[in-house]
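Worksheet: one structure, shown below.
The values are calculated or read from the model by the stated rules, or taken from the named source; none is laboratory data. From a predicted model like this one, the values you see are computed outputs, not experimental measurements. Methodologically, a virtual Cβ is constructed for each residue, glycine included, from the backbone with ideal geometry; neighbour enumeration extends over all protein chains shown.
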Amino acid sequence: MYIAHGNWINFAEFRKRKPIYISLVRDPLDRIVHNYYDQRTLKKLVLSRSIYAGFPQKTNDWYKQTFSECVRSGSPECRYIQYAIMDPVNDFRRQSLFFCGNHEDCL
């Protein structure tokens with residue numbers, strides 16, 4: 001058994017037996033909001049500042065900002081650009097990968 005986030009793979013293309021997939025897909029907005037707050041936990045702040053002390057850090061205000069404030073401010077991490085090929089912030093917003101896979105057309 002393998003449990004992880006994973007993009008769809010066409011196993012027939014690689015001449016491999018197709019595994020049994022059981023997928024649970026969250027509501028896209030719920031997923032984005034959860035990920036937003038997950039990146040802003042006190043634990044992440046403490047770890048980042050202790051492990052990467054010599055690197056530039058996010059401000060305390062960044063950790064306290066609500067998702068609504070982020071959207072209203074137009075911050076790149078809270079902006080969705082329809083039909084964009086590249087996301088301004090490299091994160092896990094692209095739900096299409098779970099259905100389409102790793103093919104270049106899906107990205």
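Here's a check for you: in segment 24-57, which residue that is among the charged types (D, E, K, R) and over 18 Å from the mean Cα position of the chain (by Cα) is surrounded by the fewest Cβ atoms within 10 Å (Cβ to Cβ)?
Looking at residues that are among the charged types (D, E, K, R) and over 18 Å from the mean Cα position of the chain (by Cα), I get 43.
Where the second residue is assigned to a helix (DSSP H, G or I) and among the basic types (Lys, Arg) and the first is within 27 Å of residue 10 (Cβ to Cβ) and lies in segment 21-44, which pairs have Cβ atoms under 9 Å and are six or more apart or on separate chains?
Close Cβ pairs satisfying both conditions: 25/31.
Considering each residue of segment 54-99, count those that are among the small types (Gly, Ala, Ser) and either modelled with pLDDT under 85 or in contact with a Ser or Thr (Cβ under 9 Å, 6 or more places away or on another chain) (or both), and give that number.
The total comes to 2.
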